[in-house]
Structures are given as C-alpha cells and as structure tokens.
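Read the structure below first, then the notes.
The values are calculated or read from the model by the stated rules, or taken from the named source; none is laboratory data. If you're wondering where the values come from, they're calculated on a predicted model, not measured in any experiment. No Cβ is skipped: glycine too gets one built from the backbone with ideal geometry, and neighbour counts run over all protein chains shown. Ligands, DNA and RNA are stripped out before the accessible areas are found, and what is left, the full protein with its side chains, is counted by its heavy atoms. Shrake-Rupley method; radii C 1.70, N 1.55, O 1.52, S 1.80 Å.
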Amino acid sequence: MTTQLFLHEEVASALRDGHPVVALESTILSHGLPHPRNLDVAHRLERVVRDGGAVPATIAVLDGRPVIGLSPAELERVCAPDAGLDKLSLRDLGPAVGLGRSGATTVAGTSALAAAAGIGVFATGGLGGVHLGAAQSWDVSADLGVLAKVPTVVVCSGVKSVLDIAATLEVLETNSVPVLGYRTDEFPAFYLRSSGHPVAWRVDDAKEAAAVIAAHRAYANSGVLLTNPIPEESEMDRDQHDRLLADGLAKLRDGGVHGSDVTPVLLEHFHTASGGVSIDANEALVLDNAKLATEVAVALAVRA
C-alpha cells in the first residue's frame, strides 16, 4: 500500500524530519456536516493542529489515489455538496483505488492509511462499535477490527449511544486495544460526557498519554483509543438526547435501516430534530479532539 500513497509535500517533509503529524478523516466532512459548514470546520481543524505545533493530514481517496494531506482545492472538492464521494472503510480502499473512484475515509479507512504513511495519531469525532442486536445481525463496525491490527492512536469522544457500548468495550479488550480516559474515569458517549461505563485507565495530560502509548507500542501492534469527553459547555441536554435517540431508533426500525446506513440516518435525524444543536456539539467535540491529538503527537515527537 505504501507505494500507492500520495503524500502532500508538507506532510512528507514533516515525517522525514520527525515532526509531529495528525491525521484527520474526511467522512465527517463529506457525510457528517452540511455544506458550507463542513468546509469551515475542515479549515478550523487544520488550523487547530497547526496552532498546536503539528502538521495536519486530512485523508481521502481522489480519482483512485489515496491522498495524505489535502490541498485547499482538494478540501473544497471533498466538502462540495455535489461531491458524490463514496464512504470508504478499509474493505473499500482496494476497490476504490483499483476502479479509480473517489471517496471519503471512515475511522477504519483513515487509521489504515495513516499507519501506512507512518502517521501515528489520528483525531476524529466518534468511533464505530458493536450495534444493538449484533448477536443476530453480526453488525460490528470495522473500526474495531482495524484498531486491533494497526498501531494508530485514535482520539475520539467515545461512541454514539445508539451502539451497544458494553459490547464495544469488550471487543476492544479482546483485541488488546487499551482504552484511556482523558481526565475522566468514564467512557464518553459522543454527545454526552459519560456513558456510565468505566474506562480501565485514566490519563490527565498529553505527556501521560504519550508515555502510555510509547510503552504499549513496545509490546503490541494494536492501536490505542484515547477518549476525550465533549467539552462540558457543549454537551447535549440528556433529556433531549434521550428523546432524540428513542425517536431515531424507531425511525431505523420502521425504515429497516441497517449496516453502514445507520449512522448517517441517525445523524441526520439528530441534526434536524435538534434544530442544529447536535451539529454544534459535533463540531465542538471534533475540534477539541484535534487539539488533544496535537498535544499528544507533539509529546510523542519529543520522546522520539
């Protein structure tokens, strides 16, 4: 895969020189946020990383080329309302590249491409997980399997409460993926600061996180999940969240929605029914995760 990667010169130079780089996904831009807000968030994410002393590397597949670090024009293309990009998990990278297609990368796709490029830290919004009813449907996000196999650090705000969070944590444990809580003892639930489930390990600053990550890499090839609760002032009201979730789950059942369509449909329901509150929350948490990921990337570079 490495020979098929197209690294932006700024990213390639930073990697050669041992400077910190933070990977950013493109699915949140093309499928998670409306235009033109998605482009504004794309620029703000990259600015947060630069302001923190690292180089941003937003990742996508364009015309069959896995691009590590998008140019301004490429960012605009990804965020365009008529972009028509496929949603690419790891299983989709080969077909998209082989057929010359274009797509935005999910957590799984971005983690794999970041690792292939030599980028060890990745900031996103939320992780995929085990879906409710997975005992019958076998519906488990590829994000978990990829974290088991690549050494990428994923900084996120946990998983959405539509998922089976207890089962998700069990799968991560089975696959030897350490789950760290950043200044928290509880696993976050995306729009909510706590899911009610504990995390095994807590870190209180970027240096502690970097020490854990460096030590883990000495013993295992799996990734590390660093969970960062949504900023307190941006957390959704829990009663509103629970109402939206119940209505969203009913919508999924009534429409027979499953698999990779679940998250987009649920997100759209939250965005519409909350009057934009969930979009504000989504933006706040992903920007905060980019800030933390940058701090960790810088701390890791200092240790190297």
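Considering the range 59-88 alone, what residues qualify as being part of a loop (DSSP other than H, G, I, E, B) and either surrounded by fewer than 23 Cβ atoms within 10 Å (Cβ to Cβ) or among the acidic types (Asp, Glu) (or both)? Can you show your working first?
Taking the range 59-88 as the starting set, the residues that turn out to be part of a loop (DSSP other than H, G, I, E, B) are 63-64, 69-71, 80-85.
Correct list: Asp63, Gly64, Ser71, Ala80, Pro81, Asp82, Ala83, Gly84.
How many of the residues in the range 18-35 are modelled with pLDDT of 95 or more and open to solvent by 80 Å² or more (accessible area, probe 1.4 Å)?
1
Looking only at the range 89-99, count every residue that is open to solvent by 20 Å² or more (accessible area, probe 1.4 Å) and either under 13 Å from Val67 (Cα atoms) or in contact with a Phe, Trp or Tyr (Cβ under 9 Å, 6 or more places away or on another chain) (or both) and tell me the total.
1
Give the number of residues within the range 136-183 that are in contact (Cβ under 8 Å) with a residue 60 or more places away in the chain and aliphatic (A, V, I, L, M). Walk me through how you get there before you give the answer.
Start the filter on the range 136-183 by keeping residues that are in contact (Cβ under 8 Å) with a residue 60 or more places away in the chain, which leaves 137, 139, 146-158, 160-162, 182.
Then keep just the ones that are aliphatic (A, V, I, L, M); that gives 146-148, 150, 153-155, 162.
Counting residues in the range 136-183 that are in contact (Cβ under 8 Å) with a residue 60 or more places away in the chain and aliphatic (A, V, I, L, M) gives 8.
Could we say that Val298 is of a type in the set (Val, Ile, Thr), in contact with a Gly (Cβ under 6 Å, 6 or more places away or on another chain) and open to solvent by 20 Å² or more (accessible area, probe 1.4 Å) here? Reasoning before the result, please.
Details: of a type in the set (Val, Ile, Thr): yes; in contact with a Gly (Cβ under 6 Å, 6 or more places away or on another chain): yes; open to solvent by 20 Å² or more (accessible area, probe 1.4 Å): yes.
So Val298 passes the test.
Test each condition in (1) aliphatic (A, V, I, L, M); (2) under 19 Å from Val153 (Cβ atoms); (3) touching a residue at least 60 places away in the same chain (Cβ under 8 Å); (4) open to solvent by less than 40 Å² (accessible area, probe 1.4 Å) for Leu15 and report the one that comes out false.
Condition not satisfied by Leu15: (4).
Table: residues versus (1) open to solvent by less than 20 Å² (accessible area, probe 1.4 Å); (2) of a type outside the set (Gly, Ala, Ser); (3) over 28 Å from Val153 (Cβ atoms); (4) over 22 Å from the mean Cα position of the chain (by Cα).
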residue: Gln240; (1), (2), (3), (4): no, yes, yes, yes
residue: Ala246; (1), (2), (3), (4): no, no, yes, yes
residue: Asp261; (1), (2), (3), (4): no, yes, yes, no
residue: Phe270; (1), (2), (3), (4): yes, yes, no, no
residue: Ala273; (1), (2), (3), (4): no, no, yes, yes
residue: Ala284; (1), (2), (3), (4): no, no, no, no
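Could you grab me the full set of residues in the range 133-149 that are open to solvent by 30 Å² or more (accessible area, probe 1.4 Å) and in contact with a strand residue (DSSP E or B) (Cβ under 7 Å, 6 or more places away or on another chain)?
Of all residues in the range 133-149, those open to solvent by 30 Å² or more (accessible area, probe 1.4 Å) come to 133, 135-140, 142, 145, 149.
Passing the criteria: Ser137, Asp139, Val140.
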